[in-house]
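First comes the structure, then the notes that go with it.
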Amino acid sequence: MLSGKGSSAAFAPATYSFGENPEHPPELLAAEQAMALVALSHTVIEHQLYSAMLAEIATVGTRVAYLTTRGLMNLTGINGYSTVRRGVTGLVNKLSIERQKVAGHNGGHQPALVYLVFTPEEILARRRAAGLPAYPKGVESEHGALSLGPAVKRVVDGRKLSRREAQVALCCALGLTNAEIGTRLTVSEQTVKFHLRNIFVKFGVKRRAELVSRLFRDGEVS
């Protein structure tokens, strides 16, 4: 039997996307925002693995994913056992998944390693309960995250920003100067400017005001 509360119960995770449909119900928007915040806290490799695991449990309808390292490589296209293993370790450390053992999976006699996969909302709650930051740098409070909802979704949605670029973009949405962003993210002001140039190119804008306008289009700046 799989250990852990509720780990063997049937589970139907929500489908998470970052669409622009203004008619999405509030509960779906909240789920999308949670997914966006979780995505920003993962590295690119970690989030590829997490997304693959979410898709797997959605397919099988349980809380657990029976995936080998090779299986994760095939699902994600990530090359290298060590890269996948480091990514999985990162997800465990960030409380996004748990490693669990089950006895005799698929008729075998040796315990098999499986992954208990948490929804984005559960991940944020688990981090709070453990006294860990629920949100990435640049979004420091739940109140701030709620006001940044439209910007968070647009940062994550299809722009292919690095995690640091995403953090800088959100700090711009908060109205911070380059110096303030550098202090918050513990990087130099020149590094902030470097990231901003890349962000401008990816969003197709030439200045900070245009970026903020793009982040909050169809929404209101709090």
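Of all residues in the stretch 67-80, none satisfies being part of a loop (DSSP other than H, G, I, E, B), within 14 Å of the chain's Cα centre (by Cα) and either surrounded by fewer than 14 Cβ atoms within 10 Å (Cβ to Cβ) or at pLDDT 90 or above (or both).
Selection of the stretch 169-179 for residues being closer than 23 Å to V156 by Cβ and not in a helix (DSSP H, G or I) yields L174, G175, L176.
Could you tell me whether any residue of the stretch 180-202 is out of contact with any helix residue (DSSP H, G or I) (no Cβ under 9 Å at 6 or more places or on another chain), modelled with pLDDT of 85 or more and outside any helix (DSSP H, G or I)? Yes, that holds for at least one residue.
Scanning the stretch 206-215 for residues that are more than 15 Å from V152 (Cα to Cα) and within 25 Å of the chain's Cα centre (by Cα) returns a single hit, R208. Does the stretch 128-146 contain at least one residue that is in a helix (DSSP H, G or I) and at pLDDT 85 or above? Within the stretch 128-146 (the criterion being in a helix (DSSP H, G or I) and at pLDDT 85 or above), the answer is yes, since at least one residue qualifies.
The values are calculated or read from the model by the stated rules, or taken from the named source; none is laboratory data. Bear in mind that the values here come from a model prediction, so they are computed numbers and not experimental data. With ideal geometry, Cβ positions are generated from the backbone for all residues, glycine too; neighbour counts draw on all protein chains shown.
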